[in-house]
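Student: I'd like to ask some things about the structure below.
The values are calculated or read from the model by the stated rules, or taken from the named source; none is laboratory data. Keep in mind the model is a prediction, meaning the values are calculated, not measured. So basically every Cβ, Gly included, is an ideal-geometry build from the backbone, and we count neighbours across all protein chains shown.
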Amino acid sequence: MPRTPVRSSAPTAVVTGGAGFLGSHLVDRLLAAGSTVLAIDDLSTGRPSNLRLARECPGFRWQRADLVRLRSLPRAERYYHLASPASPPAYQRDPVGTLLVNSVGTHRVLEAARRADARVLIASTSEVYGDAEVHPQDERYWGHVNPVGPRSCYDEGKRFGEAMAVAYRRRYGLDVRIARIFNTYGPRMTPTDGRVISNFIAQGLRGAPFTVYGRGQQTRSFCYVADLVRGLRLLMEAPRSVPTPMNLGNPREFTVREAAELVARTLGIPPRFRRAPLPEDDPKQRSPSIQLARRHLRWTPRVPLEQGLPMTIEWFRSRRLPRESRP
């Protein structure tokens, strides 16, 4: 990313979770657009190496901090709240921390935005829909979530965060936007994060069979990270009247087995599979309705999986992959 001069009129932005997969890409794009950016991350799931390009920009600052314990955030014009473990292995390793960052941490960000009279975007998730009984999922659907299941720390943490954000809008008139993010992939994914694309790429590069849970007929949709970041920025800069929450994701749907076969073709290897039991509360169908984003943001994904996979695989090839642990 080339150096970009910082314009005095550019909005200052705080990105929590700024060293994570999605947060670091957002930081890079904000800097390229001329914003001054502070990234905050406790590095529980983020990595300093994700911010290598950002560190070359004069408008970038970085703070290692636990958002839950941080007493206050600096004033800014834009707050992007992305801090939270986002993959099942990560949030199930620390369920209490996951709940806290999506409740106490969200409160910290909303209160900072209120005091600064700033705009704030809360990164929610398609997981608020749970094992959905409506397909595709649109923003009017209330969800089908197990509040005490193994995924509840993330699902209910995000649902609480949404409720807190809406409460701040109603009580204080805060300019809040909520993005319900569906499966996103691309460079800087953690190979061990337990997500479909990263799992299959890492297994294929090792020469291991692809792990398919159940029969592999559950469906997912995959949005390339550059498309998702573009959607986040459009949502943040949309008029105050923009509807929220808003789905952001790629509506094109694949079965998990189809995704594995596409990864194998891209790698130039024959697909081999090993079966594992379907995890508890694993969604059977997951695909977003993005009519609101199309209508109000004029946003739609541009990068198909066939184009995004080679770029993601190239990044994985440049990394040393850890040994795989069997499910």
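Student: Pick out the one residue from Pro239, Pro243 that is in the same structural domain as Ala167 (by TED's automatic domain parsing), touching a residue at least 60 places away in the same chain (Cβ under 8 Å), surrounded by fewer than 17 Cβ atoms within 10 Å (Cβ to Cβ) and in a loop (DSSP other than H, G, I, E, B).
Tutor: Pro243
Student: When the stretch 114-144 is examined, which residues are found to be small (Gly, Ala, Ser) and within 17 Å of the chain's Cα centre (by Cα)? I'd like the intermediate steps shown before the answer.
Tutor: Pass one, the stretch 114-144, residues small (Gly, Ala, Ser): 116, 118, 123-124, 126, 130, 132, 143.
Listed by number, the residues that qualify are Ala123, Ser124, Ser126, Gly130.
Student: For Ser103, only one of the following conditions fails: (1) outside any loop (DSSP other than H, G, I, E, B); (2) touching a residue at least 40 places away in the same chain (Cβ under 8 Å); (3) buried (at least 21 other Cβ atoms within 10 Å of the Cβ). What is its number?
Tutor: Of everything listed in (1) outside any loop (DSSP other than H, G, I, E, B); (2) touching a residue at least 40 places away in the same chain (Cβ under 8 Å); (3) buried (at least 21 other Cβ atoms within 10 Å of the Cβ), Ser103 misses just condition (3).
Student: Give the number of residues within the stretch 163-182 that are within 20 Å of Arg233 (Cβ to Cβ) and buried (at least 21 other Cβ atoms within 10 Å of the Cβ).
Tutor: 8
Student: Criterion first (in the same structural domain as Asp155 (by TED's automatic domain parsing) and touching a Pro at 6+ places or on another chain (Cβ under 6 Å)) does Ser35 satisfy it? Show your work before the answer.
Tutor: On the way: in the same structural domain as Asp155 (by TED's automatic domain parsing): yes; touching a Pro at 6+ places or on another chain (Cβ under 6 Å): yes.
Taking the combined requirement at face value, the residue satisfies it.
Student: Would you please name the residue that is farthest from the chain's Cα centre (by Cα), looking only at residues in the stretch 198-234 that are surrounded by 21 or more Cβ atoms within 10 Å (Cβ to Cβ) and of a type in the set (Val, Ile, Thr)?
Tutor: Among those that are surrounded by 21 or more Cβ atoms within 10 Å (Cβ to Cβ) and of a type in the set (Val, Ile, Thr), it is Val212.
Student: Would you pick out the residues in the stretch 167-197 that are without any contact (Cβ under 8 Å) to a residue 24 or more places away in the chain and either in a helix (DSSP H, G or I) or basic (Lys, Arg) (or both)? Before the answer, list the steps.
Tutor: At the first step, the residues of the stretch 167-197 found to be without any contact (Cβ under 8 Å) to a residue 24 or more places away in the chain are 167, 169-171, 173.
Scanning the stretch 167-197 gives Ala167, Arg169, Arg170, Arg171.
Student: Residue check, Gly149 against (1) touching a residue at least 60 places away in the same chain (Cβ under 8 Å); (2) surrounded by 20 or more Cβ atoms within 10 Å (Cβ to Cβ), all met but one. Which one?
Tutor: Every condition holds for Gly149 apart from (2).
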